[in-house]
1. Show me the helices (runs of 4 or more DSSP H) entirely contained within the stretch 272-379 in which 1 or more residues are basic (Lys, Arg).
2. Output the residue which, of all residues in the stretch 235-285 that are within 20 Å of residue 360 (Cβ to Cβ) and small (Gly, Ala, Ser), is modelled with the lowest pLDDT.
3. Test residue 194 against the criterion of being modelled with pLDDT under 95, part of a loop (DSSP other than H, G, I, E, B), out of contact with any helix residue (DSSP H, G or I) (no Cβ under 8 Å at 6 or more places or on another chain) and among the charged types (D, E, K, R), and give yes or no.
4. Report yes if some residue within the stretch 376-392 is within 15 Å of residue 274 (Cβ to Cβ), within 22 Å of the chain's Cα centre (by Cα) and modelled with pLDDT of 90 or more; otherwise report no.
5. Give the residue, chosen from 172, 124, that is surrounded by fewer than 22 Cβ atoms within 10 Å (Cβ to Cβ), in the same structural domain as residue 245 (by TED's automatic domain parsing) and not aromatic (Phe, Trp, Tyr).
6. What are the residues in the stretch 224-236 that are part of a loop (DSSP other than H, G, I, E, B) and touching a Phe, Trp or Tyr at 6+ places or on another chain (Cβ under 6 Å), if any?
7. Which members of the stretch 61-107 meet the condition of being surrounded by fewer than 17 Cβ atoms within 10 Å (Cβ to Cβ), in contact (Cβ under 8 Å) with a residue 60 or more places away in the chain and not hydrophobic (A, V, I, L, M, F, W, C)?
8. Please go through (1) farther than 15 Å from residue 275 by Cβ; (2) in contact with a helix residue (DSSP H, G or I) (Cβ under 7 Å, 6 or more places away or on another chain); (3) at pLDDT 90 or above for residue 359 and return the number of the only condition it doesn't satisfy.
Amino acid sequence: MSFAGLFRSSLAPIAIVLTTGAAALAVSQLPTLADNDAIAYATAKSNDPVARLQQRIDRGETTLAFDPKHGYLPAVLEALHVPVSSQGLVFSRTSLQIDHIAPWSPRALYFNDDTYVGWVQNGPILEAVGVDPTLGAVFYSLDQRATDHPVFERQQRTCLICHDSATTGGVPGFIVRSVFTDRYGYAFASVGKDLTTDRTPIDERWGGWYVTGTAGDSPHMGNVIANRLAQEMDDKTAFAASMKRTAGPGITDLHGKFDVSRYLAPGSDIVALLVLAHQSVIHNLITTAGYVARIDAADGEPDSARVKNAAEKLARAMLFANEAPLPGPVKGTSAFAVEFAARGPKDRQGRSLRDLDLERRLLRYPLSYLIYSDGFDGLPEFGHLSGSDRQAIREILRDTKPDFPAGPTP
């Protein structure tokens, strides 16, 4: 069976087969695959949004204005169509620019469906990640000094030390974590599992993050900072447990915690953080599925157990299998929810996979909007279909097969 067939069968409600513990373990323990000849991550030319922006800069089609306060951040967000409302603020020192991050100067993260941008106060570089349909996450840095010709420098091992590991599925990818931090922002323990996913309960999310917005009356680990230093704690596990007991419900204003005027937006929207956790995991799983399918096909095993496991794991995540229910209505503090939903596309009844629920679960219709992404389209057996081919097939099936779903078709 083709990879497309494997994924499609997994999407059928009556055909979903539960991933066994062994299968899940096999995927999570994949070794680094990026150097395989079928992938050639280090030498392959990327076609991600950041690479395309650099090409426009090189051709003189796009210029980036330098802002005295934020460097190239505002111009880069505009050029890459990344909304300011997506801003999330991280105060744990878990980044490349660790010396510039603290509870009083959090790192700001911004994102859209295929691009991520990181900024820190007084940081020497702007961080950017573009999602390539074949390579997955591709990492860049941009010097935060004014120049006539800004250059996004592609990063390899510096970023991949952490971002190509078992946590990301053994491929270059994304990490959204929840950690306990001391009063200087140094992480000393994880909250729950190492990776935050749709399955992570709200009360285990956002340790090391500022969060604005509410999720009913539910507590979470956002905005929680220890009043001691990590090296002063005799029993870090016990201290972490005591911190969790002090977690409270959401707040809507960060004034007084740090100087919010230094940032493009005053908050760290809870809805944006929910979406960020979802799509970062799906990007990793799409990349893993594409890698193993290409590698095993090159080895003459296109229908290997590893390919089947990757397809099954991706399908289950895209269908929000075992999604942790929301503990109450979620309400953010920015325009993110409205802007996210407005990007569509919509069917003839006005429905969209970007419609948010925010009462019981994240999305109104539990199938990931990343089914529209270039990464999903680029999966083996999908890539040969043009956009017009996909549309024609979808319309024919919708009008000739009564039980065919009206929504998007892989």
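1. The qualifying helices (runs of 4 or more DSSP H) are 305-318.
2. Here the answer is 250.
3. It is false that residue 194 is modelled with pLDDT under 95, part of a loop (DSSP other than H, G, I, E, B), out of contact with any helix residue (DSSP H, G or I) (no Cβ under 8 Å at 6 or more places or on another chain) and among the charged types (D, E, K, R).
4. The answer is no; no qualifying residue exists.
5. Going through 172, 124 in turn, the sole match is 124.
6. Scanning the stretch 224-236 gives a single hit, 233.
7. Answer for the stretch 61-107, where residues must be surrounded by fewer than 17 Cβ atoms within 10 Å (Cβ to Cβ), in contact (Cβ under 8 Å) with a residue 60 or more places away in the chain and not hydrophobic (A, V, I, L, M, F, W, C): just 69.
8. (2)
The values are calculated or read from the model by the stated rules, or taken from the named source; none is laboratory data. All of these numbers come straight from a predicted model, not from anything done at the bench. Virtual Cβ from ideal backbone geometry, glycine too; neighbours counted across all protein chains shown.
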